[in-house]
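Let me begin by presenting the structure, written as structure tokens, before commenting on it.
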Amino acid sequence: MDGRGVPLSLVVTGANRHDVSQLQAVLDAIVVERPSPPVRRHKHLCADAGYTGAPALRVIAQHDYIAHVKGRGQEADELKRDPEKKVRRWVVEVAHSWFNRFRKLLVRYEKLNRSFLALNHLAASIMAFRKIKLNVNIIYG
């Protein structure tokens, strides 16, 4: 997800696969090619405490991201100290709930992996389209 909650890549796996084992595949599958920032501080990757291991941090560093890996309690303590600070994890959690609003994706009935992946890409494109600021309401004219 980018800072606004727009999905940048999708990887479909079985439910028994842990997220951290798919980190390399997710970062390799990013669709939007970003230009290299002039200063390294412009590429950040926010993750939860499951990504604190050395292999995950190595993958994050290989892709030139600055890792922000914090647990829920640690992030809550920082918010108590500085209430003006924006919660980083909230963007990802909201995007997951937006995917769940597509009822076809909530429960997987698709047998083929490519069909389910295509539906997820369609949902991600609709989510990205909704983030574009327009003067006219496209749906209702």
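Taken together, the values in this text are just the output of simple stated rules run on the coordinates, not laboratory data. Predicted, not measured: the structure shown is a model, and the values here were computed from it. Cβ coordinates were reconstructed from backbone atoms using ideal geometry, including for glycine residues, and neighbour counts include every protein chain displayed.
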| Added length on full extension, which subtracts the Cα-Cα distance from 0.36 nm per residue, residue 58 to residue 130 | 22.5 nm
| What number comes out for the charge environment of residue 119, summing +1 per Lys or Arg and -1 per Asp or Glu over other residues with Cβ under 12 Å away? | +3
| task | Add +1 for every Lys or Arg and -1 for every Asp or Glu among the other residues with Cβ under 15 Å from the Cβ of residue 12, and state the total. | result | +2
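Measure up 43/131; 104/131; 70/111 against 28 Å on the Cα-Cα distance and list the ones that go over.
Distance filter (> 28 Å) returns 70/111.
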